[in-house]
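Student: Below you will find the structure I want to go over with you.
The values are calculated or read from the model by the stated rules, or taken from the named source; none is laboratory data. Quick caveat: nothing in here was measured; it's all calculated off a predicted structure. All Cβ positions, glycine included, derive from the backbone under ideal geometry; neighbour counts span all protein chains shown.
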Amino acid sequence: MHYEGNMIRPPSEAYSILLQATVGCSHNKCTFCGAYKGERFKIKSDDIILADIAFAAQYCRNQDRLFICDGDALIIPQKRLVMMLTEIKKQLPWVKRVGLYANSKGIKMKTEEQLKELHDLGLGIAYLGLETGDDVTLKNIHKGATADTMIEVGKKIRTAGVALSITVLLGIAGRERSQIHAEATGKVLTAIDPEYVGALSLMLIPGTPLYDDYESGKFPLLEPIEMLREIRTMIEHTELSNGLFHANHASNYLPIRAKFPEEKQKTLHLIDEALSGRVRLKPEFLRAL
């Protein structure tokens with residue numbers, strides 16, 4: 001396989017075939033993200049992508065999922081995505097699900113008919129970084145979208161039949177807007193009603209603008225107990241018809257994996273127990289990105 005740059009994939013795609021179709025991220029402006037700093041975004045050539053699909057057909061027969069890297073593969077023109085998915089279906093017939101990262105720009109560029117076409121060719125899940133439903137914080141972190149835009153694109157891709165996994169960031173709004181961010185994010189999640197929500201706790205990365213703001217005293221990093229209060233408010237204001245809300249990433253202080261709506265109250269009780277000190281939190285040295 002031909003890999004280059006700092007390639008990223010979701011935790012749930014740990015055992016997937018990783019097909020790198022793009023290098024970097026077409027947006028690459030988020031103040032908290034250092035994943036692709038210094039990398040110029042590009043779409044790899046069809047020859048390389050086809051060679052990697054052929055390699056996977058020979059050597060990856062025990063993996064039934066495939067993830068198209070990198071930062072926002074849905075930005076790839078429709079004709080080329082159709083070609084890739086067609087070849088995956090043809091050469092890797094045992095692959096049950098294809099996933100990719102998607103941002104608001106990439107989803108907006110596709111019509112509903114195009115998204116349905118991709119779904120029919122095997123695109124089963126898209127991962128969208130919402131981070132927050134608070135417009136002030138979205139602007140501060142240079143996300144390039146508003147809450148209304150996130151709702152629009154989230155509903156759009158779900159209507160096409162593609163499952164949606166949304167990532168939110170605890171602590172991204174700082175201390176002053178923590179509860180505003182939590183409540184607003186819950187409301188956006190409710191409006192989109194995704195199949196999956198993944199909550200990560202902010203970990204600052206040296207060299208990013210947000211890290212520089214932290215170093216200069218402009219941005220406060222929340223304490224663990226404040227992170228817990230934030231996720232409690234977020235969950236309290238989130239209604240999912242049939243979704244999985246998890247915060248079991250290595251960055252989180254309290255592992256959570258809850259089926260909504262039936263386990264929502266149980267999860268709020270767990271957080272209350274942690275807030276009262278009756279449930280221990282993960283020590284700092286065990287946290288990781």
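Student: For segment 141-163, does any single residue satisfy the condition of being touching a Pro at 6+ places or on another chain (Cβ under 9 Å), over 18 Å from LEU202 (Cβ atoms) and in contact (Cβ under 8 Å) with a residue 40 or more places away in the chain?
Tutor: Among the residues of segment 141-163, at least one is touching a Pro at 6+ places or on another chain (Cβ under 9 Å), over 18 Å from LEU202 (Cβ atoms) and in contact (Cβ under 8 Å) with a residue 40 or more places away in the chain, which makes the answer yes.
Student: Still on this structure: Pairs needed: first member in segment 62-89, part of a helix (DSSP H, G or I); second member anywhere, small (Gly, Ala, Ser); C-beta distance under 6 Å; at least 6 residues apart or different chains.
Tutor: These pairs meet every condition: ALA73/ALA21; LEU74/ALA102; LEU74/GLY106; ILE75/SER26; ILE75/GLY106; LEU85/GLY122; LYS89/GLY122.
Student: Now, a different point. Would you pick out the residues in segment 191-227 that are of a type in the set (Gly, Ala, Ser) and on the phi < 0 side of the Ramachandran plot?
Tutor: ALA191, GLY198, ALA199, SER201, SER216
Student: Given the conditions (1) closer than 30 Å to LYS90 by Cα; (2) free of Cβ contacts under 8 Å to residues at least 12 places away in the same chain; (3) not aromatic (Phe, Trp, Tyr), and given that LEU118 satisfies all but one, which numbered condition is not satisfied?
Tutor: Against the list (1) closer than 30 Å to LYS90 by Cα; (2) free of Cβ contacts under 8 Å to residues at least 12 places away in the same chain; (3) not aromatic (Phe, Trp, Tyr), LEU118 comes up short only on (2).
Student: Before we move on, is SER16 modelled with pLDDT of 95 or more, more than 20 Å from SER251 (Cβ to Cβ) and touching an Asp or Glu at 6+ places or on another chain (Cβ under 9 Å)?
Tutor: Considered against the rule, which asks whether it is modelled with pLDDT of 95 or more, more than 20 Å from SER251 (Cβ to Cβ) and touching an Asp or Glu at 6+ places or on another chain (Cβ under 9 Å), SER16 comes out as yes.
Student: Looking only at segment 61-94, which residues are surrounded by fewer than 22 Cβ atoms within 10 Å (Cβ to Cβ), in contact with a strand residue (DSSP E or B) (Cβ under 9 Å, 6 or more places away or on another chain) and more than 15 Å from ILE49 (Cα to Cα)?
Tutor: Matches in segment 61-94: GLN63, ASP64, ARG65.
Student: Can you go through SER165, SER178, SER201 and tell me which one is among the small types (Gly, Ala, Ser) and at pLDDT below 95?
Tutor: SER201
Here is a yes/no grid of residues against (1) farther than 17 Å from ALA102 by Cβ; (2) in a strand (DSSP E or B); (3) without any contact (Cβ under 8 Å) to a residue 40 or more places away in the chain:
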position	(1), (2), (3)
GLU4	yes, no, yes
ARG9	no, no, no
SER12	no, no, no
LEU18	no, yes, no
HIS27	no, no, no
THR31	yes, no, no
GLY34	yes, no, no
LYS37	yes, no, no
ILE48	yes, no, no
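Student: Against the definition (among the polar types (S, T, N, Q), under 27 Å from GLU113 (Cβ atoms) and surrounded by fewer than 16 Cβ atoms within 10 Å (Cβ to Cβ)), how does GLN58 come out, yes or no?
Tutor: So GLN58 fails the test.
Student: Could you check segment 240-257 and list, in sequence order, the residues that are modelled with pLDDT under 95 and surrounded by fewer than 16 Cβ atoms within 10 Å (Cβ to Cβ)?
Tutor: ASN248, ALA250, PRO255, ARG257
Student: Would you please name the residue that is nearest to ALA51 (Cα to Cα), looking only at residues in segment 95-111 that are touching a Ser or Thr at 6+ places or on another chain (Cβ under 8 Å) and not polar (S, T, N, Q)?
Tutor: Top of the filtered list is GLY99.
Student: Hey, which of the helices (runs of 4 or more DSSP H) in segment 112-178, taking only ones fully inside, have at least 3 residues that are more than 13 Å from the chain's Cα centre (by Cα) and among the hydrophobic types (A, V, I, L, M, F, W, C)?
Tutor: Here the list reads 147-159.
Student: Another question about this same structure. Hey, HIS119 hits all of (1) touching an Asp or Glu at 6+ places or on another chain (Cβ under 7 Å); (2) surrounded by fewer than 22 Cβ atoms within 10 Å (Cβ to Cβ) but one; which does it fall short on?
Tutor: (1)
Student: What do you reckon, is TYR36 closer than 16 Å to GLU4 by Cβ and crowded, with 21+ Cβ neighbours inside 10 Å?
Tutor: yes
Student: For GLY217, state whether it is in contact with a strand residue (DSSP E or B) (Cβ under 6 Å, 6 or more places away or on another chain), farther than 18 Å from LEU170 by Cα and modelled with pLDDT of 95 or more.
Tutor: So GLY217 fails the test.
Student: Something else about it: Keeping to segment 242-280, report how many residues are part of a loop (DSSP other than H, G, I, E, B) and either in contact with a Gly (Cβ under 8 Å, 6 or more places away or on another chain) or in contact (Cβ under 8 Å) with a residue 12 or more places away in the chain (or both).
Tutor: Qualifying residue count for the region: 12.
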